[in-house]
Structures are given as structure tokens and as C-alpha cells.
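See structure below.
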Amino acid sequence: MLDDRQYLEPPNNEAEKVLKCYFCNEWIYNGDEYYSLDDLSCCEDCLNLHYKQTAEPIDYEAELADLEYSEIKE
């Protein structure tokens, strides 16, 4: 007699949990991209949230004006 019970069971398509993100404690699954920062595992969303910055030119005149204002105020 042919035993086909195993063949008829649905496959286990659950992704394997591999690491946890240091910041949000969400699981990083097998095949997902992640970042390692000083041996800390970090998901892409948290990397963008905590480390991504936009380059902007510094307005040195405004910075100096703010410093002068704070000196006058004191």
C-alpha cells in the first residue's frame, strides 16, 4: 500500500528566525538583509531611522549669529 500522507501535508513555508534587531526587537529572518554595527544586528528600517542623514550645506553665518545671540542674551 502506498503511504502518501506526508505528500498531502502542506509544506512548512515559515521563514526561519535567525537574529533579532537590537533596536526594535523584531525578528530578522533567513534571507533578509540586515546590518551589523559593532556586532549589533540592525534591520534596515531601524538603520534608516537611527542613522540615515541628509547632507545639507552648513550656513556658517547663521551659526555664528546664533552664537552671538546666545552670548548677548546671557
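The values are calculated or read from the model by the stated rules, or taken from the named source; none is laboratory data. Treat the numbers as computed from the prediction; the structure is a model and nothing was measured. With ideal geometry, Cβ positions are generated from the backbone for all residues, glycine too; neighbour counts draw on all protein chains shown. When the accessible area is computed, the model is the full protein with side chains, heavy atoms only, and any ligands, DNA or RNA have been set aside. Shrake-Rupley method; radii C 1.70, N 1.55, O 1.52, S 1.80 Å.
If I ask for residues that are farther than 30 Å from LEU19 by Cα and open to solvent by less than 60 Å² (accessible area, probe 1.4 Å), which ones from the range 39-66 would you list?
ALA62, ALA65
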Checklist entry - Name the pairs: first residue in the range 33-62 and outside any loop (DSSP other than H, G, I, E, B), second residue among the acidic types (Asp, Glu) and surrounded by 10 or more Cβ atoms within 10 Å (Cβ to Cβ), Cβ to Cβ under 9 Å, at least 6 apart or on different chains? => result TYR35/GLU44; GLU44/ASP32; ASP45/GLU26; CYS46/GLU26
Checklist entry - Pick from the range 2-32 the residues that are in a loop (DSSP other than H, G, I, E, B) and either on the phi > 0 side of the Ramachandran plot or polar (S, T, N, Q) (or both): which of them is least open to solvent (accessible area, probe 1.4 Å)? => result GLY31
